[in-house]
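The values are calculated or read from the model by the stated rules, or taken from the named source; none is laboratory data. Note that the coordinates shown come from a computational prediction; the quantities given were computed from them, not determined experimentally. No Cβ is skipped: glycine too gets one built from the backbone with ideal geometry, and neighbour counts run over all protein chains shown. Heads up: the accessible areas ignore ligands, DNA and RNA and are worked out on the full protein's heavy atoms, side chains in. Shrake-Rupley method; radii C 1.70, N 1.55, O 1.52, S 1.80 Å.
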Amino acid sequence: MSGTYLGMPAFPKAAAESTRNATLRGNLRHATHTIRDKRAKAVAELDDWAELRAAGAAIKNRTLRHLDHYLERVETAVTAAGGQVHWATDAAEANRIVTDLVRATGETEVVKVKSMATQEIGLNDALAEAGITACETDLAELIVQLGDDLPSHILVPAIHRNRSEIRTIFREKMGDWGRPAPEGLTDRPAELAEAARLHLREKFLRAKVAISGANFMVAETGTLVVVESEGNGRMCLTLPETLISVVGIEKVVPTWQDLEVFLQLLPRSSTAERMNPYTSMWTGTSDGDGPRTFHLVLIDNGRTDTLADTVGRQALRCIRCSACLNVCPVYERAGGHAYGSAYPGPIGAILTPQLRGTDSELDASLPYASTLCGACYEVCPVAIDIPEVLVHLRERVVEGGEVTRNGTKVTIRPAKGHAAERAAMRAARWTLDHPGALRRLQRLASRTRRLHPRRLPGPGRAWTDTRTVPEVPAESFRDWWQRTRGTEGSGE
């Protein structure tokens, strides 16, 4: 696969292909069920989980309402601590800033600690075009990179690979990027981890420049926070001479007291741990300790436009825990690649169409990549009502309307292919507004019920390929009510 998601097909087509891959489905089922079962036990240990969840949502909402204020505080604090802050309106500007910063050091290789923001903007490809090699150091990201693959999960980017596949990737590709895999490498987890450790250790010891993301930014001090399980991130954050952190503007939290809430919510929701094995924090630069130069690149790339949507903005509360992916029946069967975005699963289905718009066939299809079962909302540690946003975005796709693009209110046209849906919804609206017509249609449907087909024609064919058309009862509820209780309360 290429290094970007550009040109990928709409979700239904991609999912139709991925669901036929029995190995993929087996890998996903085993991994997601294991993670979510462990998470449920970890969450059940806290009697105040509901209160923590509400607090996390409230903090995020308050921060988003005053985002400009807190971002200015971040810039002031980072600058005072010896760092430099850069603002990027979109992906192209962010890539240009980072590329120029790396070029200024004279280096042609950088190490990275996992950053979904850099995946979102396609930074690795931009660096490659400038002759700079970006080496992923998170174990799962390393697997993806060596396999010429794309991440398919927020927490476990290589979740679609099993141990046998990983061994093959290491044996065939590791030598192309540096130290080759040991001879006789098996698929035992300990051996695979040791091969990755030996490969990465050489990169850490010679790297002069590192690129990171951040889980949180604390506005009051300008401190950035990365939580991880392997320690590779800490090597990236402390050993190189120059550190460039690429972070979405929504990652800010006002105070250390606020951070404490999220450091309880995130580990239990993501890795089912009470606390992260590695929680790294840095504030600017310090003499004799850590990088001598620190750059913070703050990315908008559609986030301000998303903030303008009073329903859709709750997607910006996301702390990237992946809990929604692990309970989603659609993700479990289709896998992350089908979403065509750095953000797969339910959160990707609501975040990507807002960051990128719904102009493409792929982005217009994402709000439909859901059964609306609500499991994602139930497990979200910051109470994002994903089903509500999905329905909201479906309306945008079908009806068009006013949205914010690049800070300006514009009116978009409905997406192609939804004319029948619009007609059906308008007919339903008219019918429900006219009780007499509704009653006549219900009686007609009951009297002709023996003639109804088992499969729907036209656009409805896809729905009945996997479902049985419900049988129409011999008598409508309205007629039953009138027959058994008279005309009182009949609504006419």
(request) Would you mind checking the tilt of helix 67-80 against the longest principal axis of the Cα atoms of the chain, expressed as 0 to 90 degrees and rounded to 10? (result) 10
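Using the Cα centre of the stretch 110-150 as the reference point, and only Cβ charges (+1 on K/R, -1 on D/E), how large is the resulting charge dipole? Debye, rounded to the nearest 20. Please list the in-between numbers first.
Values: 2 positive and 8 negative charges, 33 e Å.
Computed charge dipole of the stretch 110-150: roughly 160 debye.
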(message) Could you tell me the extents of the stretch 385-492's C-alpha atoms along the three principal axes, largest first, rounded to whole Å?
(response) 59, 36, 26
(request) Check the cysteines of the chain one by one and keep only those with no other cysteine Cβ under 4.7 Å from their own. (result) C135, C236, C318, C321, C328, C373, C380
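Take the Cα pairs of the stretch 238-316, get the Kirkwood Rh, then feed it into Stokes-Einstein at 25 °C and 0.890 mPa s and tell me D in µm²/s. It would help to have the intermediate numbers written out before the result.
Values: Rh = 15.2 Å.
The diffusion coefficient I find is 161 µm²/s.
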(message) Calculate log10 I(q)/I(0) of the chain for q = 0.11, 0.13 Å⁻¹, where I(q) comes from the Debye formula with a single equal point scatterer on each Cα and nothing for solvent.
(response) -0.96, -1.29
(message) Skipping prolines and chain starts, which residues have an amide H placed within reach, meaning under 5 Å, of the one on V253, given they are 5 or more residues away or on another chain?
(response) M217, V218, A219
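Ordering M235, M425 by accessible area with a probe of 1.4 Å, largest first, what comes out? Each step should come with its number before you reach the end.
Numbers: M235 50, M425 110 Å².
Putting M235, M425 in descending order of accessible area: M425, M235.
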(request) May I ask you to derive the FRET efficiency for Y278 and L46 from their Cβ-Cβ distance with R0 = 35 Å, giving the value to the nearest 0.05? (result) 0.95
(request) Let me know the shape class of the stretch 149-236, please: from the alpha-carbon gyration tensor, a ≥ b ≥ c as square roots of the eigenvalues, rounded when a/c is under 1.5, otherwise prolate if a/b is greater than b/c, or oblate. (result) prolate
(message) When only alpha-carbon atoms are used, what values of Rg and Dmax, in angstrom, describe the stretch 115-163?
(response) 10.9, 34
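Could you order peptides 168-176, 361-369, 180-188 by the average number of other Cβ atoms within 10 Å of their residues, highest first?
Working: 168-176: 16.3, 361-369: 23.1, 180-188: 13.7.
Per-residue mean Cβ counts within 10 Å order the peptides as 361-369, 168-176, 180-188.
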(message) Give me, ordered by chain and number, the residues 5 or more places off V246 or on other chains with an amide H under 5 Å from its own placed amide H.
(response) S212, G213, V297
(message) With only alpha-carbon atoms in the gyration tensor, what are the semi-axes of the equivalent ellipsoid for the stretch 54-178, in Å, largest first?
(response) 32, 22, 12
(request) May I ask you to list the residues of the stretch 424-452 whose amide nitrogen lies under 15 Å from a point 7 Å from Cα along the Cα→beta-carbon direction of E475? (result) 443, 446-447
(request) With all protein chains present, calculate the accessible area of S286 using a 1.4 Å probe and round the result to the nearest 10 Å². (result) 60
